[in-house]
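Each remark here refers to the structure printed beneath this line.
Read-outs throughout are calculated quantities, based only on the coordinates presented, and are distinct from any laboratory measurement. These numbers come from a predicted model, not from an experiment. FYI the Cβ positions are ideal-geometry reconstructions off the backbone, even for glycines, and counts take in every protein chain you see.
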Amino acid sequence: MDKKPITVLFVCIHNSARSQMAEAFVNASGRDDVRAESAGLEAGRLNPLVVESMKEIGIDISGNRTKTVGDMLAHGGKYDYVVTVCDGASAERCPVFPGGGFRLHWDFPDPSALRGEKNEVLAGIRAVRDRIRAAAETWLAGLG
């Protein structure tokens with residue numbers, strides 16, 4: 001009998017960057033026993049520089065669509081873990097998912113708030129991406 005995979009929902013404001021990256025890292029980990037999804041409080045648009053930064057490390061999220069917490073609830077989403085990935089400054093807007101699950105919070109800066117030339121913004125996104133990858137790897141290792 002196959003064991004049901006551990007499910008995790010990564011949630012942020014627009015599902016355009018941080019939650020998409022976290023979902024991608026967990027799903028690209030090679031673990032069959034964990035399945036990740038992501039959603040936002042509001043509908044957003046996938047950040048093209050986030051897509052570019054993920055492609056740099058061999059993960060293509062260009063075909064992903066943004067989803068809302070309401071979408072996940074409407075589809076009967078139930079998760080073992082719900083991880084918010086908002087920054088401290090946005091914590092009061094960071095969505096809560098009412099569908100259950102053990103709640104965790106990972107504090108990451110919002111890539112959409114980065115300003116400057118494209119190469120400067122991309123460098124900032126890479127730093128956030130690498131922190132999210134490290135958090136996902138640590139969390140997965142803790143699952144056993």
Among DSSP beta bridges lying fully in the chain, give the percent that are antiparallel, nearest 5. 0 percent
Using a Gaussian network model of the chain with C-alpha springs under 10 Å, which one of 36, 22, 74 is most mobile by mean-square fluctuation? 74
Between residue 103 and residues 5 or more places away or on another chain, the pairs with built amide H atoms under 5 Å apart involve 82
Mind giving me the nanometre distance, one decimal, between the label points for residue 32 and residue 141, set 7 Å out from Cα along Cα→Cβ? 2.5 nm
Can you give me the three principal axis dimensions of the range 1-43 from its C-alpha atoms, in Å, biggest first? 39, 16, 9
Reachable lysines from residue 118, criterion Cα separation under 24 angstrom, eight or more residues apart if same chain: 55
Based on Cβ point charges of +1 for Lys and Arg and -1 for Asp and Glu, what charge dipole magnitude is obtained for the range 1-79 about its Cα centre, in debye rounded to the nearest 20? 180 debye
Proximal aspartates and glutamates to residue 78, defined as alpha-carbon separation beneath 20 angstrom and excluding residues fewer than eight positions away on the same chain: 2, 23, 32, 33, 37, 42
Principal axes first, then extents: for the Cα atoms of the chain, list largest minus smallest coordinate on each axis, whole Å, largest first. 52, 30, 26
What net charge do the residues around residue 49 carry, taking every other residue with its C-beta under 14 Å from that of residue 49, with Lys and Arg at +1 and Asp and Glu at -1? +2
Projected label distance in nm at residue 71 and residue 56, using a 7 Å step from Cα toward the beta-carbon: 2.6 nm
Show that you can apply the helix-only estimate: for the chain, add -39,500 (n - 2.57) for every DSSP H stretch of four or more residues, divide by all residues, and state [θ] at 222 nm to the nearest 500. -11000 deg cm²/dmol
Taking the simple approach of a point 7 Å from Cα along Cα-to-Cβ for both residue 104 and residue 120, what is their distance in nm? 3.4 nm
Taking amide hydrogens as modeled 1.01 Å from N in the peptide plane, which residues meet the under 5 Å criterion relative to residue 68, leaving out close sequence neighbours? 40
Within the under-13-Å Cβ sphere about residue 31, not counting residue 31, Lys/Arg +1 and Asp/Glu -1 give a net charge of -1
